[in-house]
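Okay, structure first, notes after.
The values are calculated or read from the model by the stated rules, or taken from the named source; none is laboratory data. This is a predicted model, so every value here is computed, not measured. Methodologically, a virtual Cβ is constructed for each residue, glycine included, from the backbone with ideal geometry; neighbour enumeration extends over all protein chains shown. Heads up: the accessible areas ignore ligands, DNA and RNA and are worked out on the full protein's heavy atoms, side chains in. Shrake-Rupley method; radii C 1.70, N 1.55, O 1.52, S 1.80 Å.
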There are 2 protein chains.
Amino acid sequence: MDVISVIRTKRDRGRLSDEQIDWVIDAYTRGHVADEQMSALAMAILLNGMDRAEIARWTAAMINSGERMDFSSLPRPTADKHSTGGVGDKITLPLAPLVAACGAAVPQLSGRGLGHTGGTLDKLESIPGWRASLTNAEMLDVLSSAGAVICAAGDGLAPADKKLYALRDVTGTVEAIPLIASSIMSKKIAEGTGSLVLDVKVGSGAFMKTLEDARELASTMVGLGTDHGVRTVALLTDMSTPLGLTAGNALEVRESVEVLAGGGPADVVELTLALAREMLDAAGLRDADPAKALADGSAMDVWRRMIAAQGGDPDAELPVAREQHVVHASTSGVVEVVDAYAVGIAAWRLGAGRARKEDVVQLGAGIELHAKPGDSVVAGQPLMTLHTDTPEKFAYALAALDGGVLVGAPGASFEPKPIVLDRIA
Amino acid sequence: MDVISVIRTKRDRGRLSDEQIDWVIDAYTRGHVADEQMSALAMAILLNGMDRAEIARWTAAMINSGERMDFSSLPRPTADKHSTGGVGDKITLPLAPLVAACGAAVPQLSGRGLGHTGGTLDKLESIPGWRASLTNAEMLDVLSSAGAVICAAGDGLAPADKKLYALRDVTGTVEAIPLIASSIMSKKIAEGTGSLVLDVKVGSGAFMKTLEDARELASTMVGLGTDHGVRTVALLTDMSTPLGLTAGNALEVRESVEVLAGGGPADVVELTLALAREMLDAAGLRDADPAKALADGSAMDVWRRMIAAQGGDPDAELPVAREQHVVHASTSGVVEVVDAYAVGIAAWRLGAGRARKEDVVQLGAGIELHAKPGDSVVAGQPLMTLHTDTPEKFAYALAALDGGVLVGAPGASFEPKPIVLDRIA
């Protein structure tokens with residue numbers, strides 16, 4: 001077996017055999033296949049696709065590249081959630097402690113920034129002292145003591161995926177259904193959760209731009225999960241506009257804490273509760289009341305315990321970017337569009353994301369929205385504030401926003417979109 | 001400008017702008033764009049193509065990545081030749097000294113093994129002491145004293161191409177017309193030759209499998225050369241079966257020396273003379289007689305001076321592989337097919353080529369043919385001998401040869417193919 005014949009097979013629109021898949025995943029994990037070879041294969045997969053059987057084998061090979069965890073010793077049922085990534089998608093931050101406060105154990109393995117979307121770990125690292133990397137024993141400790149843990153997948157868990165995920169991020173090979181589905185599911189199956197709720201984003205700021213693609217991704221993942229004995233449900237949710245009013249690491253942590261304090265933007269609260277109900281349902285906790293757990297502070301208590309257990313100070317000041325630039329409305333009217341992709345790219349250019357896997361993200365960088373679709377604004381009113389430590393990036397970020405924010409006529413009617421678009425079980 | 005947006009443009013079937021091309025070539029040369037990013041872009045270019053204007057700009061950007069050489073101080077006209085690569089294609093070895101013996105100066109910058117085809121420098125390195133890397137001053141010295149020089153392009157010449165060429169070799173991104181044309185022509189234009197003859201191979205063992213693709217590549221390159229003031233002609237030549245009777249580094253040097261001694265296989269002699277006449281014609285030396293220079297030993301004299309001037313011992317023993325395996329004819333009849341691609345892949349698997357750019361080639365490895373299409377054989381007669389230092393590779397090499405050699409009925413009629421299929425000026 002050699003890597004070039006594997007690359008050529010997919011490049012020339014062939015089907016990868018089970019042997020080719022097992023070999024290339026194993027050889028890449030061991031470093032016998034180089035990054036530049038795997039990225040060429042990833043691009044060929046992105047452009048030429050994989051069928052269901054290839055995806056299933058690719059996922060199994062990534063699971064088999066490492067160890068599998070086991071939470072069956074915990075007294076509580078386990079529930080996990082995964083989002084395919086969006087702009088301003090900080091839902092994991094309030095959701096994990098909320099579901100734990102309702103009685104489930106939430107072992108939430110999360111990732112770093114991928115393309116123009118933020119990463120949960122990058123966000124939490126804006127909390128001074130907080131550590132993303134835990135040993136398996138530490139992870140179980142935090143899960144037992146706090147009820148929820150949000151951390152990086154250990155090096156032993158689906159190491160093939162860990163390498164490939166970082167590689168795809170910097171090689172323009174993120175947006176491929178076979179690679180997205182196998183990446184998510186290999187990690188979640190190896191992690192050993194009993195149930196899983198998938199938040200599959202649809203719209204300009206998501207990797208899936210159409211409902212059709214999102215349905216394909218969701219049903220691929222639900223099939224992979226079910227085949228491996230994990231109770232898996234997917235919600236398709238809107239990502240045409242950012243979630244909440246912030247996109248950026250520390251900015252999103254601040255907004256998440258508002259939600260845990262019983263406030264926060266309505267869309268973030270609505271989606272957090274919808275996903276919490278699905279997770280609790282999948283975990284067999286049908287009588288839990290997540291709205292109450294947000295209102296009575298019990299979710300916040302879990303958050304504080306969880307952050308502290310991972311070395312973070314829940315009361316610490318969060319980083320603030322050195323420079324700000326405010327964008328004002330040029331006309332009065334009703335905001336019709338705040339495009340998620342435009343905001344995501346702009347936040348990434350301001351420093352909230354990375355262009356190479358070695359890059360360091362700016363914790364304070366990002367975008368704060370002062371108006372969302374449906375809001376009325378008057379000319380001269382602030383529409384958004386851009387934050388960065390590298391002000392020479394403002395022009396480049398503003399270029400990404402060009403055409404991404406549209407203000408219609410004053411008094412124009414506006415039809416709000418539902419957040420949850422569909423459910424696949 | 002960021003590399004991911006450049007990759008995305010081509011991945012999504014867009015046109016790369018002049019600015020994107022200039023930026024990505026420059027950034028890759030400086031190491032700001034990583035190998036894994038460039039290989040993803042190369043795969044996207046391979047699968048989605050580039051138009052004529054993109055190819056012209058890509059070529060110019062690669063020329064501009066380094067210095068340009070100038071041979072105008074030499075008293076002789078310069079002539080160079082480039083082959084797109086085939087199996088058993090050792091033609092450069094006898095050709096360069098032959099054309100020099102006829103009065104031209106031949107500054108032959110050559111490459112290393114690319115995919116299943118051998119590299120001229122790998123072949124010459126099987127001569128003890130011979131050095132591929134020369135400074136520009138050393139190159140001029142050898143050219144002045146011997147009349148011909150075969151060496152690696154210096155680090156200063158089209159460094160972008162040097163990096164990209166090595167990368168494509170190991171990432172399954174060799175077979176792309178835009179990348180092949182720009183790679184060859186950037187080096188040849190920067191090298192400063194006055195005239196250039198292109199040997200564009202067609203057939204199973206070539207990167208171009210069809211005459212149509214080969215014509216497209218040839219006319220793209222002739223256009224690029226002419227636009228830059230280099231007299232450029234292309235011959236399309238057959239590569240459905242290996243050239244001569246050997247494929248492998250030291251094996252091909254031995255065969256080349258036979259040609260310089262006035263012997264050697266008829267097809268190698270025919271193509272060497274055809275290309276020599278084109279080069280001499282393009283250089284304005286229309287009265288030269290290359291057949292005479294082969295017969296009277298003057299080409300051999302240049303070869304010996306050239307090899308010695310680069311540290312090689314023209315009389316040294318060449319390396320021999322540690323193990324041999326003979327394939328015998330299973331039936332009697334007329335050989336109908338010895339497939340170039342099958343022989344090329346088998347030689348590569350035996351160790352004559354490399355799977356990763358860091359790999360070392362085996363100088364003695366390769367394949368020696370005992371029969372070619374049109375030859376009559378009897379059952380049990382040796383068809384070929386496989387050579388390698390790693391005998392565990394025999395089975396893998398034999399698998400590549402499966403179906404690649406066909407023996408027809410005894411006495412069957414056989415129509416030999418011409419070697420030169422077309423000429424594009």
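Annotations
- Qualifying residue in segment B:145-155 (condition: open to solvent by 30 Å² or more (accessible area, probe 1.4 Å) and either farther than 23 Å from B:Ala308 by Cβ or of a type in the set (Phe, Trp, Tyr) (or both)): yes
- In segment B:389-404, the residue that is most open to solvent (accessible area, probe 1.4 Å) out of those that are closer than 19 Å to B:Val361 by Cβ and charged (D, E, K, R) is B:Glu392.
- Exactly one residue out of B:Val200, B:Val302 is farther than 26 Å from B:Met62 by Cα and touching a residue at least 60 places away in the same chain (Cβ under 8 Å): that is B:Val302.
- Segment A:20-74, subset touching a residue at least 40 places away in the same chain (Cβ under 8 Å), open to solvent by 30 Å² or more (accessible area, probe 1.4 Å) and facing chain B (nearest Cβ under 9 Å), residue farthest from B:Ala34 (Cα to Cα): A:Leu46
- In segment A:352-385, residue farthest from the other protein chains (Cβ to nearest Cβ) [restricted to those that are β-branched (Val, Ile, Thr) and either open to solvent by 60 Å² or more (accessible area, probe 1.4 Å) or touching a Phe, Trp or Tyr at 6+ places or on another chain (Cβ under 8 Å) (or both)]: A:Val378
Here is a yes/no grid of residues against (1) in a strand (DSSP E or B); (2) in contact with a helix residue (DSSP H, G or I) (Cβ under 9 Å, 6 or more places away or on another chain); (3) open to solvent by 50 Å² or more (accessible area, probe 1.4 Å); (4) more than 18 Å from B:Lys90 (Cα to Cα):
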{"position": "B:Tyr341", "(1), (2), (3), (4)": "no, yes, yes, no"}
{"position": "B:His387", "(1), (2), (3), (4)": "yes, yes, no, no"}
{"position": "B:Leu406", "(1), (2), (3), (4)": "yes, no, yes, yes"}
{"position": "B:Pro410", "(1), (2), (3), (4)": "no, no, yes, yes"}
{"position": "B:Ser413", "(1), (2), (3), (4)": "no, no, yes, yes"}
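- Some residue of segment B:163-178 being surrounded by fewer than 24 Cβ atoms within 10 Å (Cβ to Cβ) and over 22 Å from B:Trp348 (Cα atoms): yes
- Within segment B:388-410, residues that are in contact (Cβ under 8 Å) with a residue 60 or more places away in the chain sit with their Cβ atoms under 6 Å from residues that are part of a strand (DSSP E or B) and open to solvent by less than 60 Å² (accessible area, probe 1.4 Å), at 6+ positions apart or across chains, in these pairs: B:Val405/B:Val338; B:Leu406/B:Val337; B:Val407/B:Gly333; B:Val407/B:Val335; B:Gly408/B:Gly333; B:Gly408/B:Val334; B:Ala409/B:Gly333; B:Pro410/B:Gly333.
- Of all the residues in segment A:99-114, those that are more than 11 Å from the chain's Cα centre (by Cα), in a loop (DSSP other than H, G, I, E, B) and small (Gly, Ala, Ser) number 2.
- Looking at B:Met38, B:Met62, just one residue is touching a Ser or Thr at 6+ places or on another chain (Cβ under 6 Å) and at pLDDT 95 or above, and that residue is B:Met62.
Each row is one residue, and each column tells you yes or no for (1) part of a strand (DSSP E or B); (2) at pLDDT 90 or above.
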| site | (1), (2) |
| --- | --- |
| B:Leu140 | no, yes |
| B:Cys151 | yes, yes |
| B:Ala166 | no, no |
| B:Leu196 | yes, yes |
| B:Phe207 | no, no |
| B:Leu235 | yes, yes |
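This table checks each residue for (1) surrounded by fewer than 24 Cβ atoms within 10 Å (Cβ to Cβ); (2) in contact with a Phe, Trp or Tyr (Cβ under 9 Å, 6 or more places away or on another chain); (3) not hydroxyl-bearing (Ser, Thr, Tyr).
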site: A:Gly85; (1), (2), (3): no, yes, yes
site: A:Gly88; (1), (2), (3): no, no, yes
site: A:Ile91; (1), (2), (3): no, no, yes
site: A:Cys102; (1), (2), (3): no, no, yes
site: A:Gln108; (1), (2), (3): no, no, yes
site: A:Thr117; (1), (2), (3): no, yes, no
site: A:Lys123; (1), (2), (3): no, no, yes
site: A:Trp130; (1), (2), (3): yes, no, yes
site: A:Leu134; (1), (2), (3): yes, no, yes
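- Flag for B:Leu245 being at pLDDT 95 or above and either out of contact with any Pro (no Cβ under 7 Å at 6 or more places or on another chain) or within 23 Å of B:Thr59 (Cα to Cα) (or both): no
- Failed condition for A:Gly297, given (1) surrounded by fewer than 20 Cβ atoms within 10 Å (Cβ to Cβ); (2) within 14 Å of chain B (Cβ to nearest Cβ): (2)
- So B:Asp213, is it assigned by TED's automatic domain parsing to the domain that holds B:Thr120, of a type in the set (Asp, Glu) and more than 24 Å from B:Gly118 (Cα to Cα): no
- In segment B:305-316, residue farthest from B:Trp130 (Cα to Cα) [restricted to those that are touching a residue at least 60 places away in the same chain (Cβ under 8 Å) and in a loop (DSSP other than H, G, I, E, B)]: B:Ala316
- Of the residues B:Gly284, B:Gly262, B:Gly229, B:Gly244, the single one that is crowded, with 22+ Cβ neighbours inside 10 Å, part of a loop (DSSP other than H, G, I, E, B), on the phi > 0 side of the Ramachandran plot and not hydroxyl-bearing (Ser, Thr, Tyr) is B:Gly244.
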